[in-house]
Amino acid sequence: MNDELNNESDHVPDDELVDGSAGDSVGDSANGAAPNDGSTPHDEDSIESLLEEKQFLLDQLNRSRAELANFRRRTADQQLQRERRVTSRVFQSVIPLVDDLLMARQAGEGAGEEAHEQLRKGIELIVDKFGSVLREFGIDAIATVGQTFDPLWHEALMNVETEEHSEGDIIAEFVRGYRMGDDLIRAARVSVAKTPVQNVEED
């Protein structure tokens, strides 16, 4: 009799058995876990952070572009103002020379040797004043007659055969040249001495 009871207690119907995986599934449902779709809260935070950084960089780029445009505009305005100040300063110095020219012209309108002499002196005075104005701006005339020809500062318009000067000496100036320090403004146009061909053949 005891054996029969033991056998009956050991036998449990299949439909009453609880599967372990089912238990896990029930446990997961009870815990409220959502199905895994491959994303995590950490990924979402990273994407949001990247978007914010992108917007920040775009704002910085636009700001830099605006600052560069403003800088270029200010620089152009400042350059224009400097050029106007220099132009104004130059003409303030040149205007008195124009006045002297007008007076010299009036003096030359008279007849006779005295009027011509006044005109000559007036022109010399203007030339001297003009030289002073140029030196005030750091501009000097290029030395010519008596100097050795230098292609950096002189432009030879003609070569003159002569025995009175050495080869390469400047013997006449046609157009005065000017320089500012080591910078050439305009080359002096000159004539240059050349040894006569006959003398070269004899040598």
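The values are calculated or read from the model by the stated rules, or taken from the named source; none is laboratory data. Owing to the predicted nature of the structure, the values given are computational and were not obtained by experimental measurement. FYI the Cβ positions are ideal-geometry reconstructions off the backbone, even for glycines, and counts take in every protein chain you see.
Here are the numbers:
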| item | result |
| --- | --- |
| Criterion: of a type in the set (S, T, Y) and part of a helix (DSSP H, G or I) - qualifying residue of S132, S166 | S132 |
| Subset of the range 172-196 (residues that are of a type in the set (V, I, T), surrounded by fewer than 18 Cβ atoms within 10 Å (Cβ to Cβ) and farther than 27 Å from V133 by Cα) | T195 |
| Of the criteria (1) over 20 Å from M180 (Cβ atoms); (2) of a type in the set (D, E); (3) part of a helix (DSSP H, G or I), which one E83 fails | (1) |
| Tabulated pairs, the range 82-96, first within 14 Å of S132 (Cβ to Cβ), second of a type in the set (D, E, K, R) and surrounded by 10 or more Cβ atoms within 10 Å (Cβ to Cβ), C-beta under 8 angstrom, 6+ apart or interchain | S93/E136; P96/K129 |
| So E155, is it at pLDDT 85 or above, of a type in the set (D, E, K, R), surrounded by 12 or more Cβ atoms within 10 Å (Cβ to Cβ) and in a strand (DSSP E or B) | yes |
| L97 being touching a Lys or Arg at 6+ places or on another chain (Cβ under 8 Å), modelled with pLDDT under 80, among the hydrophobic types (A, V, I, L, M, F, W, C) and part of a helix (DSSP H, G or I) | yes |
| Qualifying residue in the range 130-148 (condition: basic (K, R), under 31 Å from the mean Cα position of the chain (by Cα) and farther than 30 Å from K194 by Cα) | yes |
| Breaking point among (1) out of contact with any helix residue (DSSP H, G or I) (no Cβ under 9 Å at 6 or more places or on another chain); (2) surrounded by 11 or more Cβ atoms within 10 Å (Cβ to Cβ); (3) more than 23 Å from F137 (Cβ to Cβ); (4) not basic (K, R), for V86 | (3) |
| First in the range 153-179 and farther than 10 Å from A143 by Cα, second anywhere and of a type in the set (F, W, Y) and part of a strand (DSSP E or B), Cβ under 7 Å, 6 or more apart | L157/F174 |
| Residues located in the range 132-152, provided they are surrounded by 14 or more Cβ atoms within 10 Å (Cβ to Cβ) and either touching a helix residue (DSSP H, G or I) at 6+ places or on another chain (Cβ under 9 Å) or closer than 30 Å to I95 by Cα (or both) | V133, L134, I139, D140, A141, I142, A143, T144 |
| The listed residue being more than 25 Å from the chain's Cα centre (by Cα) and of a type in the set (D, E, K, R), out of E83, E53 | E53 |
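Quick grid of which residues meet (1) more than 42 Å from the chain's Cα centre (by Cα); (2) assigned to a helix (DSSP H, G or I); (3) modelled with pLDDT of 75 or more:
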| residue | (1), (2), (3) |
| --- | --- |
| S9 | yes, yes, no |
| A34 | yes, no, no |
| D37 | yes, no, no |
| D59 | no, yes, yes |
| S64 | no, yes, yes |
| M103 | yes, yes, yes |
